[in-house]
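K.L.:
Sharing a structure below in structure tokens format, with a few things to ask.
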Amino acid sequence: MHLRTHLRWHLRTKPSRRPFRTKPLRPKHLRARAWAAAGALAVSLGLAGPAGTAAGSAPAPGDIVTSAPTSFHPLPGQPTRTRAWHITYRSTTAKGAPDVVSGTVIVPDDGRRGPRPLVTYAVGTVGIADHCAPSAGFPHGTTVEANLIQQLTQRSWAVAVTDYEGLGTPGTHTYTVGRSEGHAVLDAARAALRLPEAGLDRESPVGVMGYSQGGQAAGWAAELRDTYAPELNVKGTAAGGVPADLVRTADFDDGRIGAGLVLMGAVGQDAAFPELALDSYLNARGRSLVARLKEHCVAADVLAGMFKRISDVTVRNPLQMPDWQRVLHSSDLGTHAPDRPVRLYHGTLDELIPYAGARQLRSDWCAKGAVVDWKPLPLAEHVTGGIAGSVPAADWLADRFAGKQAAADC
């Protein structure tokens, strides 16, 4: 059986066949059983290896399922003094079920071992087809943000880059599903620290960084750290271009240049919450466009969906339905204060993600007592904001790694 099919079959929830059980399983027991099943699968496939779960221990988020050497090239053929590994690792879906996510760990090839800063990096939108995954592009120099990531490795930092749920692994990418993304980002850091070949130390200082979709993922990682990954030595999070409110973002993009991203987001939410039944809302044009989105990467996806309105591709607007509203708002940021400093930056002329949403996120986090360094980027639109904000964001993380106190801008 093909590995992808085998994984999908084993991770599917099955009803119990034990008629004598009279009490329903509690959620924590369901999670334990699911993780046990995932661990058994890894063993049965011979995937666990030296970096996997130790014999007799329960599998846990961040455990490595597979690892293999790969290469990291910012541009085609461009050499870097780095070592890299493609990994698959255990994580958690938005609903709390175990899953397996892929990613890449990149370490400067400078002979240094032991503690060094580790940045768990969340890329912006790449698309929802598997071949769009960052790890698929690194060996060929085609991953768009690789040049920004190289700036981090040139500081002698290690970098873990998640592909997110369903991007390069079985299933559809859960694009814009905040909780899933946050889990994947934090578990990528755990996996990097548990990868023996990387030579890192469990006490290595960790930074979180991301822009656009990656800014949403980084923001969620910042909000989840204290409950989901309290053992990680996170020093701070740099998040830019953050879609903090998906309903507001969808309204902003409807009929505009980013309209294709709205439908991509609907596909991602439906992947995480299939009870939303997206297909029942689509007309023939919408179904054709979704099929196209699932086969291509972001540039083609944006072009295909440009300036379309939700009404052009649906028989009724799903975003107006209570169940869709509830699910979309479950990805809202600002409901919980990050317990580590955050640098938040956004272009004032961002044409894809409304500046007002990021400004509101700053206010929400500040009101809850978070330490927020807020940096508007005057006259910057989406892409230029990501480029202009990347080096100052990395400098800000360097100060956190150096033990400097972060200034609050609330």
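The values are calculated or read from the model by the stated rules, or taken from the named source; none is laboratory data. Model, not experiment: these values are computed from the prediction. Ideal geometry is used to build each Cβ from the backbone, glycine not excepted, and the neighbour counts take in all protein chains shown. Heads up: the accessible areas ignore ligands, DNA and RNA and are worked out on the full protein's heavy atoms, side chains in. Shrake-Rupley method; radii C 1.70, N 1.55, O 1.52, S 1.80 Å.
K.L.:
Which whole-number percent is the relative contact order of the chain (Cα, under 8 Å, 6+ apart)?
P.N.:
Taking the mean separation of contacting Cα pairs over the length of the chain, I get 14 percent.
K.L.:
Roughly how big is the chain's charge dipole about its Cα centre, with Cβ charges of +1 (Lys, Arg) and -1 (Asp, Glu), in debye to the nearest 20?
P.N.:
So the magnitude is around 1440 debye.
K.L.:
Share of the chain's accessible area from carbon and sulfur, percent, 1.4 Å?
P.N.:
For the chain, the apolar C and S fraction of the accessible surface comes to 57 percent.
K.L.:
Out of residues 5 or more away from ASP63 or on other chains, whose amide H comes under 5 Å of its own, with H placed 1.01 Å from N in the peptide plane?
P.N.:
The list, which skips near neighbours in sequence, is ARG90.
K.L.:
Moving on to the next point. Among LEU200, VAL371, ALA136, pick out the residue whose Cα is farthest towards the positive end of the charge dipole of the chain, where Lys and Arg carry +1 and Asp and Glu carry -1 on C-beta, about the Cα centre.
P.N.:
Result: LEU200.
K.L.:
Run the dipole for segment 332-410 about the Cα centre, Lys and Arg Cβ at +1, Asp and Glu Cβ at -1, nothing else charged, and hand back the magnitude in debye, nearest 20.
P.N.:
Once rounded to the nearest 20, the dipole reads 260 debye.
K.L.:
How large is ³J(HN,Hα) for each residue in segment 68-84, as worked out from phi by the Karplus curve 6.51 cos²θ - 1.76 cosθ + 1.60 (θ = phi - 60°), to whole Hz, x for Gly and Pro?
P.N.:
Karplus values, whole Hz, x for Gly and Pro: 8, x, 9, 9, 10, 10, x, 10, x, x, 6, x, 9, 7, 9, 10, 9.
K.L.:
Using modelled backbone amide H atoms (1.01 Å from N, in-plane), which distant-in-sequence or interchain residues come within less than 5 Å of GLY347's amide H?
P.N.:
GLY241, LEU377
K.L.:
Before rounding to the nearest 500, sum -39500 (n - 2.57) across all DSSP H runs of length at least 4 in the chain and divide by the residue total; then give [θ] at 222 nm in deg cm²/dmol.
P.N.:
-11500 deg cm²/dmol
K.L.:
Between rounded, prolate and oblate, where does segment 301-394 land on the alpha carbon gyration tensor, with a ≥ b ≥ c its root eigenvalues, rounded for a/c under 1.5, else prolate if a/b exceeds b/c?
P.N.:
Oblate shape, in that a/c is at least 1.5 and b/c is the bigger or equal ratio.
K.L.:
Quick check on my link table: of LYS368/LYS404; LYS95/LYS235; LYS95/LYS375; LYS294/LYS375; LYS235/LYS308; LYS95/LYS368, which ones sit more than 30 Å apart, alpha carbon to alpha carbon?
P.N.:
Over 30 Å Cα-Cα: LYS95/LYS375; LYS294/LYS375; LYS235/LYS308.
K.L.:
So for segment 160-214, what are the equivalent ellipsoid semi-axes in whole Å, largest first, each being the square root of 5 times an eigenvalue of the Cα gyration tensor?
P.N.:
Equivalent ellipsoid of segment 160-214: 23, 13, 8 Å, largest first.
K.L.:
Now for a separate question. Which residues make up the longest stretch of the chain that has no chymotrypsin sites (Phe, Trp or Tyr not before Pro) in a DSSP loop with at most 16 other Cβ atoms within 10 Å?
P.N.:
The longest such stretch corresponds to 21-306.
K.L.:
Might you report the magnitude of the Cβ-based charge dipole of segment 223-379 about its Cα centre, with Lys and Arg at +1 and Asp and Glu at -1, to the nearest 20 debye?
P.N.:
In debye, rounded to 20, segment 223-379 gives about 280.
K.L.:
Turning to a different aspect of this structure: Hydropathy first: keep DSSP H helices in the chain averaging at least 1.0 on Kyte-Doolittle, then drop any whose Cα extent along the axis falls short of 20 Å, and list what survives.
P.N.:
TM-like helix candidates: 259-272.
K.L.:
In addition: Classify segment 246-368 from the C-alpha gyration tensor, please: rounded if a/c falls under 1.5, else prolate or oblate depending on whether a/b exceeds b/c.
P.N.:
Verdict is prolate for segment 246-368.
K.L.:
As a test of understanding, state the convex hull volume per residue of the chain from its alpha carbons, in Å³.
P.N.:
Convex hull of Cα atoms, per residue: 147 Å³.
K.L.:
Taking +1 at the Cβ of each Lys and Arg and -1 at the Cβ of each Asp and Glu, which of SER390, LEU344, GLN405 sits farthest along the dipole of segment 321-410 towards its positive end, judged by Cα position relative to the Cα centre?
P.N.:
Sorting the options by dipole projection puts first GLN405.
K.L.:
Using the alpha-carbon centroid of each, what span in Å lies between segment 321-378 and segment 221-270?
P.N.:
9
K.L.:
Next question, about the same structure. Enumerate the amide H contacts of LEU352 below 5 Å, restricted to partners 5 or more residues apart or on another chain; note that Pro and chain-start residues carry no placed amide H.
P.N.:
Those lying under 5 Å, H to H, from LEU352 are HIS382.
K.L.:
Consider just the alpha-carbon atoms of segment 96-243 and return their Rg together with their Dmax, both in angstrom.
P.N.:
13.9, 39
K.L.:
Right, another one. Give the shape of segment 355-405 as rounded, prolate or oblate, defined through the alpha-carbon gyration tensor: a ≥ b ≥ c are the square roots of its eigenvalues, a/c under 1.5 means rounded, and otherwise the shape is prolate if a/b is larger than b/c and oblate if not.
P.N.:
oblate
K.L.:
Can you work out ³J(HN,Hα) from phi for every residue in segment 310-317, in order, using Karplus 6.51 cos²θ - 1.76 cosθ + 1.60 and θ = phi - 60°, giving whole Hz and x for Gly and Pro?
P.N.:
4, 5, 6, 10, 10, 8, 7, 7
K.L.:
Dividing the alpha-carbon radius of gyration of segment 86-145 by 2.2 N^0.38 Å (N being the number of residues), what value is obtained?
P.N.:
Rg over 2.2 N^0.38 Å, computed on Cα atoms: 1.34.
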